[in-house]
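K.L.:
Would you mind keeping the following structure in view while I ask a few things?
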Amino acid sequence: MLIKTKLPWLLPETEATPESAYKERRAFIKKSGLATAAAALSAKVVDGATAGFPKKPNLNKKYIATDRKPTPYKYVTGYNNFYEFTTDKYAVRHLANQGWKTEPWTLKIGGHVEKPMTLGVNDLCKEMGIEMRVYRFRCVEAWSMIIPWDGFPLNKLIKKVQPTAKAKYVKFTTFMDEKAAPGFKGYDYYDWPYTEGLRIDEANHDLTFLAVGIYGQPIPNQNGAPIRLVVPWKYGFKSIKSIVRIDFTEKQPKTLWNSAGPDEYGFYSNVNPAVPHPRWSQARERVIGESAFAERVPTLMFNGYGEQVAGLYKGMDLKKFF
Ligand code: MTE
């Protein structure tokens, strides 16, 4: 069942005159607490890619989740899933910052493309241009955050490498380093390295984002430095961290979670309150940062991005292709 929302985060284009845009942005930043968080951050040293990161990424007003305030920085960076280090959400932040070097970092792009290439993430940031987008983020475990990401749409990079007609899917692969991130060795029943995949039209969708920052700062190691995927209408596990390879494939790629539990983690994994996980309901979600006793809020179809993405799945049975 598709829940219709007013898409409050999508501001009308008519308001985008320079002066009102400025005022709105200030008001939004003030109201949302982004300014306080940014000020608190300026004193901090954040690990991750730095050389290519702009002083102040511009907020793209087209992508603002205004129905809820952004999740405070301390939760976004202190409550993480990063199994290469540990399954303890509170310990990731410590373990990912014990000497793991995320700069310099290269990203290899290949498969069915006219122009396979290897790119330094810092150069990529400079070339693509970095903007801030505030997206909803919904984990399959039924918790959620609102995150101001800094990065660029994946379709900009796709355009650069020129996929051939054979490219029907995109496969993403995370780094694997036994020394820096040995946590995965405790879960050898999974098919490491962590991989994820999208259909090529999903990858080309304007919402699909490569993030190199959070809250206007380079992305911390625990959040997937120096470059990670963000697909806001899908469950969070699709948003693969610390990417080293992107391959364009003809067949649907095998992915870590889908291989581990195809009945629990579908290849599509679009947020859908009507399709329960076999072990829990997906109808509601716990908003991180609010009290543990706070009432769970209803989960929105496609995480509230239905108007933008429902067309990608026309004619597909969303219960079957979950
Ligand atoms: N990517 C890698 N490489 N390893 C992981 O364990 N966890 C996924 C996703 N990407 C994961 C990953 C899951 S389950 C979630 S919910 C999000 O990252 C969590 O991102 P966050 O820690 O920045 O909130």
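The values are calculated or read from the model by the stated rules, or taken from the named source; none is laboratory data. Everything quoted here is computed from the prediction, not taken from an experiment. Reconstructed Cβ throughout: ideal geometry from the backbone, glycine too, with neighbour counts over all protein chains shown. Note: accessible area is taken over every heavy atom of the protein model, side chains too, but ligands, DNA and RNA are not part of it. Shrake-Rupley method; radii C 1.70, N 1.55, O 1.52, S 1.80 Å.
K.L.:
Skipping prolines and chain starts, which residues have an amide H placed within reach, meaning under 5 Å, of the one on Glu285, given they are 5 or more residues away or on another chain?
P.N.:
Val297, Thr299
K.L.:
Shifting gears a bit: Could you order peptides 146-155, 96-105 by the average number of other Cβ atoms within 10 Å of their residues, highest first? Don't skip to the end; give the middle numbers.
P.N.:
On the way: 146-155: 23.0, 96-105: 16.3.
Listed from highest to lowest mean packing, they are 146-155, 96-105.
K.L.:
Then there's this: Within the stretch 19-313, what whole-number % of the accessible surface is contributed by carbon and sulfur, with the 1.4 Å probe and all protein chains included in the calculation? Let's see the in-between values first.
P.N.:
Numbers: 6600 of 12470 Å².
Roughly 53 percent of what the probe reaches on the stretch 19-313 is carbon or sulfur.
K.L.:
A follow-up question, please. Rounded to the nearest Å, what's the spacing between the alpha carbon centres of the stretch 250-305 and the stretch 161-208? Just the number, please.
P.N.:
Taking the Cα centre of the stretch 161-208 as reference, the centre of the stretch 250-305 is 19 Å away.
K.L.:
Moving on to the next point. Rounded if a/c is under 1.5, else prolate if a/b beats b/c, else oblate: with a ≥ b ≥ c from the C-alpha gyration tensor eigenvalues square-rooted, which is the stretch 46-156?
P.N.:
Values: a/c = 1.65, a/b = 1.20, b/c = 1.38.
The shape class here is oblate.
K.L.:
Something else about it: Relative contact order for the stretch 117-161: what is it in percent, counting Cα pairs under 8 Å that are at least 6 residues apart?
P.N.:
Values: 38 pairs, mean separation 16.5, N = 45.
So the answer I get is 37 percent.
K.L.:
Along the stretch 270-284, what does the Karplus equation 6.51 cos²θ - 1.76 cosθ + 1.60 (θ = phi - 60°) give for ³J(HN,Hα), rounded to whole Hz, x for Gly and Pro?
P.N.:
Each residue's phi maps through the Karplus curve to give 6, 4, 8, x, 8, 10, x, 5, x, 10, 7, 7, 10, 6, 9 Hz.
K.L.:
So, one more: Hey, what did the stretch 19-313 get for relative contact order, percent, Cα under 8 Å, at least 6 apart?
P.N.:
Details: 609 pairs, mean separation 62.0, N = 295.
Reported relative contact order: 21 percent.
K.L.:
What is the stretch 19-313 by shape, rounded, prolate or oblate, if you read a ≥ b ≥ c off the alpha carbon gyration tensor as root eigenvalues and call it rounded for a/c under 1.5, prolate for a/b larger than b/c, and oblate otherwise? Write down the numbers at each step before the final one.
P.N.:
On the way: a/c = 1.21, a/b = 1.11, b/c = 1.10.
Note, shape of the stretch 19-313 comes out rounded.
K.L.:
Here is the link list: Lys160/Lys319; Lys62/Lys156; Lys56/Lys241. Which ones come out longer than 27 Å on Cα distance? Please report the intermediate quantities before stating the final value.
P.N.:
Working: Lys160/Lys319 35 Å; Lys62/Lys156 17 Å; Lys56/Lys241 23 Å.
Violating the 27 Å Cα-Cα cut-off are Lys160/Lys319.
K.L.:
For the stretch 19-313, report the accessible area per residue in Å² (1.4 Å probe, heavy atoms, rounded to an integer).
P.N.:
On the way: 12470 Å² over 295 residues.
About 42 Å² of surface per residue is accessible.
K.L.:
From the square roots a ≥ b ≥ c of the eigenvalues of the alpha-carbon gyration tensor of the stretch 128-182, which class results: rounded (a/c under 1.5), prolate (a/b over b/c), or oblate? Write down the numbers at each step before the final one.
P.N.:
Numbers: a/c = 1.71, a/b = 1.20, b/c = 1.43.
Judged from the Cα gyration tensor, the stretch 128-182 comes out oblate (a/c at least 1.5, b/c at or above a/b).
K.L.:
Students often forget the sequence filter, so: which aspartates and glutamates lie under 13 Å Cα-Cα from Lys55 once same-chain residues fewer than 8 apart are removed?
P.N.:
Lys55 reaches Glu131, Asp150.
K.L.:
Sticking with this structure for a sec: Less than 19 Å apart at the alpha-carbon level, and either on another chain or at least 8 residues along: which aspartates and glutamates does that give for Lys168?
P.N.:
Candidates past the 8-residue exclusion: Glu114, Glu196, Asp201, Glu202, Asp206, Asp247, Glu250.
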